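What follows is calculated from the coordinates using simple rules that are stated; it is not laboratory data. Small disclaimer: the values here were computed from a predicted structure and weren't measured.
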Amino acid sequence: MIGVGVVVYLFFQQFDPKEFAKIQWSTQTDLLILLALIFLATRIISYAYRLKVLSDNVFSLSKSIQLIFIWEFSSAVSPTNVGGSAVALFILSQEKIGAAKTATIVIYTIVLDTIFYLVAVPLWVIVFGSNVVGPGRTSIQAFGGWEITLLIAYSAMLLYGSFFFYGLFFRPDSLQKLANLVARLPFLKKYRAKLIQIGEDVKITSRELKTKSWSYHLKALLFTIAAWSSRYLIIICLIAAVGSVSMGIPDFFELFSRIQVMFVMMAFSPTPGGAGFAELLFGGLLSDFVPTGISLVIAMLWRILDYYFFLIMGVIIIPQWLSKILKRRREKRHQEEETQGNIKR
């Protein structure tokens with residue numbers, strides 16, 4: 001509700017009907033919106049291939065796409081600092097790959113996402129300087145709210161990313177200790193034994209991860225880059241389609257860098273999907289690329305593709321997925337009862 005309130009407030013504050021009327025809906029506009037849809041598909045397929053690779057091809061491509069839709073739905077309805085990772089643990093654990101393998105996949109996706117951000121953002125700062133957090137910020141005196149927000153978000157990302165990377169590849173016992181610590185929480189008492197077992201199993205699966213070929217890790221990283229880049233390119237296509245600002249190659253890369261920085265800041269928004277905070281960033285960081293009066297219009301188009309689309313797909317897919325899971329459980333329970341009955345005879 002907070003996020004919706006912020007969006008409504010910003011819309012009434014920033015929307016300019018005159019600027020909106022200036023939008024020229026042409027064939028080029030339609031083609032750019034179509035291109036945005038293609039990048040949306042690329043994002044989904046890239047994430048699906050990454051999941052397929054990380055599951056050692058246990059999941060087919062179609063199964064991976066289904067699971068990605070559910071994962072994205074959980075991200076859309078969860079606070080961004082929690083994201084879909086916690087729900088993803090539950091989702092994947094319902095599939096036939098084991099709890100430890102599930103935990104390893106989810107943790108490794110966090111590591112891959114974090115590596116992409118931790119490496120890319122400093123490079124953008126070197127190239128574009130303080131302009132990565134908005135236009136006209138060319139001196140140290142311009143250091144303010146956006147820069148502080150980026151520094152805090154980047155530091156937090158560095159902290160948890162380093163911990164999980166270190167735990168997966170160097171000290172898996174640290175992840176086991178984390179699982180044991182979580183297991184001590186009073187409200188998780190029912191799952192204590194299972195969490196402790198997962199901690200022990202993660203040590204084994206993390207050792208297996210270290211033995212994977214370099215192509216395994218390279219594929220996972222490349223699909224990560226492709227997925228995130230597609231997310232940014234969706235926004236760029238919408239800005240080019242609706243906005244009236246001309247854009248050369250240097251401008252394209254500067255806009256790309258700012259969008260990536262925007263996503264770093266959004267990573268710790270308390271609202272589901274970063275709602276409200278994302279729109280605020282959109283009108284601030286990208287103000288020289290987006291006409292002031294229609295920034296919320298472009299942000300809304302982006303939200304439709306990046307947020308509401310996955311909410312709708314989740315509502316369609318999740319009931320079917322749950323039905324299959326429950327059916328599988330009933331069949332398993334029935335088989336166990338039959339086995340026990342045969343033993344008693």
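Results, tabulated for the structure shown:
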| item | result |
| --- | --- |
| Note, ³J(HN,Hα) from phi for segment 105-117, Karplus 6.51, -1.76, 1.60, rounded to Hz, x at Gly and Pro | 4, 5, 5, 5, 5, 4, 4, 4, 4, 5, 4, 4, 6 |
| For residue 78, residues with placed amide H under 5 Å, excluding near neighbours | 273 |
| Greater than 23 Å apart at Cα, pairs in 63/203; 52/101; 177/210; 189/212; 190/210; 101/210 | 63/203; 189/212; 190/210 |
| Extension gain (nm, one decimal) between residue 251 and residue 155, 0.36 nm per residue minus Cα-Cα | 31.8 nm |
